[in-house]
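One structure is given here, and the rest of the page talks about it.
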Amino acid sequence: MSSARNGSGALLEMAPRIAGHPQLSGSKLAELEDAVLATRRFAVNTIRPRALEIDRVNYDEPGTIAWDIVREGGKIGLLNLVTPRASGGASDLACLRTALIAEEIAAGCAGFATLFGAHGLGASPLAMGGPAFWDGALKEAADSACDPKPQLMAFCITEPTAGTDVEHHVWMRTAKVVTRADKVKGGWELTGTKHFISNGNAATWLTVFMPTDPKRPYETLSAFLVDGRAKGLTVTNVEHKMGHRASPAAELSFDKVFVPDKNLIGREGDGMGLTIGVLAGSRPPVGAIGTGIARGAYERLLEWLQTDPAAEGLLDKQQVQLALAQMNEEIHLARQAYIDAATDFDTISIGGLTGTAAMRMLGKLPSGLRTNRLVRSQMQTSLGRGLVMEVMSRTVGNRALTRTLGLSSLAKARGSDTAMKVTGMALEVAGLDCGRLRPELEKCLRDAKLTQIYEGTNQLNRLEVFEGLVAEHTMSILPRPTVSNTNGASAAVA
Ligand SMILES: Cc1cc2nc3c(=O)[nH]c(=O)nc-3n(C[C@H](O)[C@H](O)[C@H](O)COP(=O)(O)OP(=O)(O)OC[C@H]3O[C@@H](n4cnc5c(N)ncnc54)[C@H](O)[C@@H]3O)c2cc1C
């Protein structure tokens with residue numbers, strides 16, 4: 001597991017079972033390995049040497065983005081991990097690819113794994129929203145890698161009064177959501193506050209979730225693509241963070257921010273289904289970030305044990321050997337957990353959607369046709385949006401989704417707990433007098449904690465494991481909610 005290893009076979013060495021992946025053979029496996037190795041080089045040569053400095057800068061001035069590093073990451077494809085292939089992205093097996101890459105970045109600095117991860121999170125509703133959203137903001141962001149400030153995205157569901165609740169299909173029904181989207185001529189007006197939004201102060205595009213009726217948040221939650229430069233959108237705070245400081249978390253105030261009709265992703269009321277779908281695909285990569293933090297601590301400790309005079313003789317002690325063996329074991333198991341979950345997502349569940357006939361057909365439309373005004377306007381109609389959402393809900397059965405959510409949550413909880421455990425063990429082995437290693441391990445420990453909190457706390461995720469993998473009964477996880485139309489009549493939405 002040497003961090004600087006180059007050459008073929010590194011991926012198989014890390015994760016031997018990848019060889020048995022149903023869709024990874026020959027050139028696809030080689031291409032994925034190239035992507036992982038390019039990210040490893042980026043993490044070792046570009047990110048890691050600057051990690052402590054950037055952490056310190058953001059302690060003094062939260063919200064400072066290292067744009068040069070974002071550019072370098074963009075150049076190796078880290079801004080288009082979820083962009084469908086049809087729009088020049090790399091989204092074949094997007095969840096597995098994103099997760100393996102997240103581990104590599106996090107081993108260098110978890111803050112950058114969160115920065116690129118939050119970008120992918122913001123982009124995911126657009127990828128799932130269908131071809132009408134593949135050629136606009138999504139493509140622009142992916143193409144902006146060489147700009148002085150590449151276009152970052154952010155994903156906004158959390159509110160000061162609603163965090164865990166907005167991530168759960170049952171709790172959402174009674175969540176205290178106070179933001180709202182009001183219908184106005186030609187679009188929507190968004191009002192309220194979102195907080196803890198990663199990349200929030202720097203994002204060019206945001207995917208924002210607000211109910212059209214805050215009294216019925218589950219039924220009416222809707223997703224909007226919002227221009228970060230829109231009138232009425234203000235950054236009201238940037239958090240002073242304990243870890244992951246390279247990625248800012250901001251509070252955003254929406255004061256009647258106008259969003260045109262065409263920027264409604266899916267249909268009114270599709271927000272909860274999209275949220276669950278996005279989180280099912282983003283939790284394995286968060287498990288991978290935890291795995292990467294653990295691996296970063298383990299590799300730093302190993303390096304120190306082998307090179308620092310202060311550590312002389314420690315490697316010969318059985319107590320230290322036992323600790324290293326256990327750390328290795330924890331990392332290996334956490335990695336298997338996220339690979340299993342990501343593989344399930346990509347091949348059996350939501351990610352497999354791109355393989356369905358309807359989505360393949362839509363994806364194969366030439367870009368010119370997808371951006372053609374007439375075709376685009378048809379895709380933007382209720383019928384066009386409905387088609388994509390119908391394909392999604394019909395392809396992914398409730399049982400499959402519940403199981404995928406269970407596996408994703410297992411990977412997330414396992415990876416994040418591994419980060420806490422292994423960084424703690426590394427500190428115990430090294431002790432207080434470990435010189436230059438101390439601030440590095442301290443940072444790993446600070447970084448580990450967030451992985452237990454975001455993307456749903458581990459308590460929430462363990463309940464998803466219960467529902468998806470333990471409970472025997474069939475749960476109707478996403479029943480079709482109803483929204484009232486303007487005449488007051490109720491209509492089913494997907
Ligand atoms: C640095 C950072 C970055 C983030 N980035 C983003 C982002 O980019 N976009 C975004 O939308 N959000 C983001 N979040 C929000 C994050 O997902 C939430 O913080 C998380 O979901 C927890 O919500 P909360 O903080 O409101 O805690 P609460 O929901 O108030 O939970 C507090 C505690 O109560 C427990 N709890 C709550 N309800 C239940 C229940 N029903 N049963 C059992 N236990 C329960 C929780 O597990 C937790 O331990 C970020 C958060 C942080 C800290």
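For residues that are assigned to a helix (DSSP H, G or I) and near the ligand (Cβ under 9 Å from one of its atoms), scanning just segment 445-458, find the one that is surrounded by the most Cβ atoms within 10 Å (Cβ to Cβ). Show your work before the answer.
From segment 445-458, those assigned to a helix (DSSP H, G or I) are 445-451, 458; that's our starting set.
This time we only want the ones that are near the ligand (Cβ under 9 Å from one of its atoms), so: 450, 458.
Values: Leu450: 25, Asn458: 19.
So, considering only residues that are assigned to a helix (DSSP H, G or I) and near the ligand (Cβ under 9 Å from one of its atoms), the one surrounded by the most Cβ atoms within 10 Å (Cβ to Cβ) is Leu450.
Looking only at segment 208-236, how many residues end up being more than 16 Å from the ligand (Cβ to nearest atom) and surrounded by fewer than 20 Cβ atoms within 10 Å (Cβ to Cβ)? Working first, answer last.
Going residue by residue through segment 208-236, those that are more than 16 Å from the ligand (Cβ to nearest atom) are 212-216, 219-220, 227, 229-232, 234.
So of that shortlist, the ones also surrounded by fewer than 20 Cβ atoms within 10 Å (Cβ to Cβ) come out as 213-216, 227, 229-232, 234.
Going through segment 208-236 one residue at a time, the tally reaches 10.
How about segment 394-444: which of its residues are buried (at least 19 other Cβ atoms within 10 Å of the Cβ), small (Gly, Ala, Ser) and either over 30 Å from Thr164 (Cα atoms) or modelled with pLDDT of 95 or more (or both)?
Ser408, Ser409, Ala411, Ala413, Gly415, Ser416, Ala419, Ala426, Ala430
Of the numbered conditions (1) within 14 Å of the ligand (Cβ to nearest atom); (2) under 22 Å from the mean Cα position of the chain (by Cα); (3) in a loop (DSSP other than H, G, I, E, B), Val166 satisfies every one except a single condition; which is it?
(3)
Which of the numbered conditions does Leu121 fail, given that it passes all the others? Conditions: (1) under 19 Å from Glu33 (Cβ atoms); (2) open to solvent by 20 Å² or more (accessible area, probe 1.4 Å).
(1)
Among the residues of segment 149-163 satisfying the criterion of being under 17 Å from Leu221 (Cβ atoms) and among the small types (Gly, Ala, Ser), which is nearest to the ligand (Cβ to nearest atom)?
Gly163
Pick from segment 251-282 the residues that are within 11 Å of the ligand (Cβ to nearest atom) and buried (at least 24 other Cβ atoms within 10 Å of the Cβ): which of them is nearest to Leu115 (Cα to Cα)?
Among those that are within 11 Å of the ligand (Cβ to nearest atom) and buried (at least 24 other Cβ atoms within 10 Å of the Cβ), it is Ser282.
Those residues that are part of a strand (DSSP E or B), open to solvent by 20 Å² or more (accessible area, probe 1.4 Å) and more than 16 Å from the ligand (Cβ to nearest atom), I need them from segment 180-207; list them, please.
The answer is Arg180, Asp182, Lys183, Val184, Glu189, Thr191.
Taking only pairs six or more apart or across chains, which ones have beta-carbon atoms under 8 Å, a first residue in segment 146-159 that is without any contact (Cβ under 8 Å) to a residue 60 or more places away in the chain and under 13 Å from Leu78 (Cβ atoms), and a second residue that is outside any strand (DSSP E or B) and among the polar types (S, T, N, Q)?
If the second residue must be outside any strand (DSSP E or B) and among the polar types (S, T, N, Q), the pairs left are Met153/Asn199.
So how many residues does segment 129-148 have that are away from the ligand (no atom under 16 Å from the Cβ), among the hydrophobic types (A, V, I, L, M, F, W, C) and in contact with a strand residue (DSSP E or B) (Cβ under 8 Å, 6 or more places away or on another chain)?
Pass one, segment 129-148, residues away from the ligand (no atom under 16 Å from the Cβ): 129-140, 142-148.
Subsequent filtering for residues that are among the hydrophobic types (A, V, I, L, M, F, W, C) retains 132-134, 137-138, 142, 145-146.
Next, only the ones that are in contact with a strand residue (DSSP E or B) (Cβ under 8 Å, 6 or more places away or on another chain) stay: 133, 137.
Final tally of qualifying residues: 2.
The values are calculated or read from the model by the stated rules, or taken from the named source; none is laboratory data. The structure displayed is predicted, hence computed values, not measured ones. Virtual Cβ from ideal backbone geometry, glycine too; neighbours counted across all protein chains shown. For the accessible areas, the whole protein counts, side chains as well, though only heavy atoms, and no ligand, DNA or RNA atoms are used. Shrake-Rupley method; radii C 1.70, N 1.55, O 1.52, S 1.80 Å.
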